[in-house]
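Here the structure comes first, spelled out in structure tokens, and everything after it is commentary.
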Amino acid sequence: MRFWKAIPGIAVLAILALQTAACASPPAANPTEAPPPPTTAPTDTPEVDSGPTVDFAGDLADFESATFADSTNITNPWFPLTPGKQIVLDGFSLEGNLEIPHQIIFTVTDLTKEILGVRTVVVWIEDFSDGELVEAELAFYAQDTEGNVWFMGEYPEVYENGKFVEAPAWIPGFKGARAGIAMKADPVAGTPSYSQGWGPAVNWTDRGQIIETGADVCVSVSCYENVVIIEEFSQSEPDAYQIKYWAPGVGNIKVGWRGADANREELEMIAWNDLNADEMAALRATALEMEARAYQISKEVYDQTPPSE
């Protein structure tokens, strides 16, 4: 799944109390001038052939045939989701010729939510641009009996100048939305791309393609072996690719890009935290406050779903 792209000049609506204790958001900084960005991938990003034209609407993940016996026990080696785990990705995005500080905080809550009869894990994601919160979202994941992790929709809130802008939610079963694959049970390089979810009402059409396995990748906190590298692209930007690096036992440790991406992100993991009981309580309360807003804002989608527990 691609992260929602940061919007320049957007401000904080609400920030978790846990960030101060566990991982404070970066201070605001003025954008710095950077050389005109290249239109090819960084040198350490694998080059791959894009292959045949993709049928975005027709080639969707086969959720109907999947079975879920213990769906919230997400143990996939490259996408483990344990309550209290928090990954902080830090770096920058290139917007025109400006290099903008960018940070993503991905935290697994202890909440679950039923979607299409499947109990999912609720993840809280925050996206900061130049030190300001531009998006917060509730994202939902479930693991099937084969070990595939499914992306079961999301409720994002986008902020601008400290004010709410929109909430482009998509949940499988509503407005033509379909579940997708967040991580394969057995990733194999060179296999066809796969749908990461289908939300046509909000232009969510992302697909993933595994381009390398068994890679050795270092970030600031550590070096990792057996890393899976996946490129992600969408129907609206078929020639723009976000490259994600997934380390076993951890998850997403690095983000890069190649092609004609208008918002070129380069991020790497700078912290991998375990939240304590007080931080988890604060996280849970904030996620439930956001869900309460979702029931008021997203009447045709989120309001049709049962509450998180």
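The values are calculated or read from the model by the stated rules, or taken from the named source; none is laboratory data. Just so it is clear, the model here is predicted, and its values are computed rather than measured. So basically every Cβ, Gly included, is an ideal-geometry build from the backbone, and we count neighbours across all protein chains shown. SASA here: full protein model, heavy atoms, side chains in, ligands and nucleic acids out. Shrake-Rupley method; radii C 1.70, N 1.55, O 1.52, S 1.80 Å.
Observations
- Probe 1.4 Å, accessible area per residue of segment 68-185, Å²: 29
- Pairwise FRET efficiency - ASP303 versus ASP216, Cβ, R0 = 51 Å, nearest 0.05: 0.65
- Within-12-Å neighbourhood charge of PHE63 [Cβ basis; K, R +1; D, E -1]: -2
- Prolate/oblate/rounded call for segment 241-309, Cα gyration tensor, a/c under 1.5 rounded: oblate
- For segment 140-186, a Kirkwood hydrodynamic radius built from all Cα pairs, placed in the Stokes-Einstein relation at 20 °C and 1.002 mPa s, yields a translational diffusion coefficient of 175 µm²/s.
- 13 Å beta-carbon shell around THR112, net charge (K/R +1, D/E -1): -2
- As a length-normalised measure over Cα pairs under 8 Å and 6 or more apart, the relative contact order of segment 205-254 settles at 32 percent.
- Using Cβ point charges alone (K and R +1, D and E -1), the dipole size of segment 238-309 about the Cα centre works out to roughly 220 debye.
- Normalised by the number of residues in segment 212-297, the mean separation of alpha-carbon contacts (under 8 Å, six or more apart) gives a relative contact order of 19 percent.
- Across the protein chains, with a 1.4 Å probe defining accessible surface, the residues LEU138, LEU116 rank LEU116, LEU138 from largest area downward.
- Residue-span extension gain [ASP274 to SER65] - 0.36 nm each, minus C-alpha spacing: 71.7 nm
- Student exercise, segment 172-291 dipole from Lys, Arg, Asp, Glu Cβ charges, in Debye to nearest 20: 440
- For segment 183-264, a/c is not less than 1.5, where a ≥ b ≥ c are the root eigenvalues of the C-alpha gyration tensor, and a/b tops b/c. That puts it in the prolate class.
- Value of relative contact order over segment 125-260, rounded to a whole percent, pairs C-alpha under 8 Å and six or more apart: 13
- Kirkwood Rh and Cα Rg combined as Rg/Rh, segment 129-276: 0.96
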